[in-house]
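Enquirer: To start, I am sharing the structure in question, which I have written as structure tokens.
The values are calculated or read from the model by the stated rules, or taken from the named source; none is laboratory data. Predicted model only: the values in this text are computed from it and were never measured. Quick reminder, even Gly has a Cβ in these numbers, built from the backbone with ideal geometry, and neighbours come from all protein chains shown. To get the accessible areas, we keep the full protein, side chains included, count just its heavy atoms, and leave off ligands, DNA and RNA. Shrake-Rupley method; radii C 1.70, N 1.55, O 1.52, S 1.80 Å.
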Amino acid sequence: MGSVRVPLKTPFKTALRTVDAVEDTLVCVTAFGGLAGWGEAPPTAAITGETNASIKAAILGHIRPALLGKDLDSFEEVQAALHGAIVGNTSAKAAVDMALYDLFAQSCNQPLYRLLGGRVRPKIRVYANGWYQGPREPSAFAERALSMVERGYTALKFDPFGTAYKFMTRDEEKLSMRIVGAVREAVGESVDLMIEAHDRFSLSQAMRLGHMLEEFHPFWFETPVLSDNPEMISEVARRVRVPVIARERAEDPRDLAKLLALGAVVDQPRKALGVGGVSGLLDCWNRPGL
């Protein structure tokens, strides 16, 4: 197990944190015979609550002892031991889970995607994220957005709200809308805009922002309120005329199912780190409504 840290040329700042380097915790799981599987977990304390130190402590103190000597051929038993070793700590579990799946695929002499069902589509559309470093000025956002489109992106995600938390002044609201407007004008209507709010506004403020965003036709409004509060985020989704999605804070697939069952939120993106790895993603996909 080890850690890497790569400084960024241009740090970026959100309401939750300032990032000046990319960090990662690397995990290697070995089997008798010499095969080695690899997994990784970027520590994001402001989002998952986990740090490099906590990830290492969870793996070395709890997960490693639970897995030593297990038979990889009894893969479900290995998975049960992993996820039962410690409560929470989804990033630590995800890193080991990825390594176990890598190891298992190698033992079968197959790529993992084939074991998971094979290719579904020839290509996947992606959006640009993290491109909006720099001054919080409409012209700066517009210039950077246009550079992303010139690189081939057809969808852009960004947070125009600065460091505001819970509530915004009228001037802050106006600046945020000018930023979104400048980006929309720069890239045109053919490029989709995903507006990120990072789980931080009150119900009333979130609904107010949602109404203000309508004229810019965003592809979605992401986590305007805490996404681990299904009733509140669903209330926002019912009250505004832009698609609202929750984010990956929910760690239990049952919570994700509850959120979508309320019928207002259009989607709940899942990340491997948030649900404990490949096995957590499979659990989400196998549940009705997810």
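Enquirer: Would you please name the residue that is most open to solvent (accessible area, probe 1.4 Å), looking only at residues in segment 198-219 that are closer than 18 Å to Ala145 by Cβ and not aromatic (Phe, Trp, Tyr)?
Expert: Step one: filter segment 198-219 for residues closer than 18 Å to Ala145 by Cβ, giving 213, 215-219.
Restricting the remaining residues to those that are not aromatic (Phe, Trp, Tyr) gives 213, 215, 217-218.
Working: Leu213: 0, Glu215: 130, His217: 112, Pro218: 13 Å².
Applying the filter and picking the extreme gives Glu215.
Enquirer: Further question on the same structure: Determine whether segment 121-128 contains at least one residue that is open to solvent by 80 Å² or more (accessible area, probe 1.4 Å) and touching a residue at least 40 places away in the same chain (Cβ under 8 Å). Break it down into steps so the answer makes sense when it comes.
Expert: Filtering segment 121-128 for residues open to solvent by 80 Å² or more (accessible area, probe 1.4 Å) gives 121-127.
After this cut, where a residue has to be touching a residue at least 40 places away in the same chain (Cβ under 8 Å) as well, the list is 127.
The answer is yes, given that some residue of segment 121-128 is open to solvent by 80 Å² or more (accessible area, probe 1.4 Å) and touching a residue at least 40 places away in the same chain (Cβ under 8 Å).
Enquirer: Looking only at segment 129-138, how many residues end up being at pLDDT 95 or above and open to solvent by 80 Å² or more (accessible area, probe 1.4 Å)?
Expert: Within segment 129-138, the subset at pLDDT 95 or above is 137-138.
Then keep just the ones that are open to solvent by 80 Å² or more (accessible area, probe 1.4 Å); that gives 137.
Number of matching residues: 1.
Enquirer: Could you tell me whether any residue of segment 96-119 is touching a His at 6+ places or on another chain (Cβ under 8 Å), part of a loop (DSSP other than H, G, I, E, B) and touching a residue at least 24 places away in the same chain (Cβ under 8 Å)?
Expert: no
Enquirer: Exactly one condition in (1) under 25 Å from Arg17 (Cβ atoms); (2) outside any helix (DSSP H, G or I) is not met by Arg125; state its number.
Expert: (1) is the only condition that Arg125 fails.
Enquirer: Counting just the residues of segment 16-55 that are open to solvent by 70 Å² or more (accessible area, probe 1.4 Å) and among the polar types (S, T, N, Q), which one comes out nearest to the chain's Cα centre (by Cα)?
Expert: Thr18
Enquirer: Could I ask something else about it? Out of the residues in segment 152-190 meeting the condition of being without any contact (Cβ under 8 Å) to a residue 12 or more places away in the chain and more than 12 Å from Phe216 (Cα to Cα), tell me which one is surrounded by the most Cβ atoms within 10 Å (Cβ to Cβ).
Expert: Narrowing segment 152-190 to residues without any contact (Cβ under 8 Å) to a residue 12 or more places away in the chain: 152, 169-172, 174, 188.
Then keep just the ones that are more than 12 Å from Phe216 (Cα to Cα); that gives 152, 169-172, 174.
On the way: Gly152: 8, Thr169: 9, Arg170: 7, Asp171: 8, Glu172: 14, Lys174: 12.
So, considering only residues that are without any contact (Cβ under 8 Å) to a residue 12 or more places away in the chain and more than 12 Å from Phe216 (Cα to Cα), the one surrounded by the most Cβ atoms within 10 Å (Cβ to Cβ) is Glu172.
Enquirer: Follow-up. I'm trying to understand the selection: among the residues of segment 61-91, which are assigned to a helix (DSSP H, G or I) and closer than 23 Å to Ile47 by Cβ? Working first, answer last.
Expert: We begin by selecting, within segment 61-91, every residue assigned to a helix (DSSP H, G or I); these are 61-67, 75-84, 90-91.
Correct list: Gly61, His62, Ile63, Leu82, His83, Thr90, Ser91.
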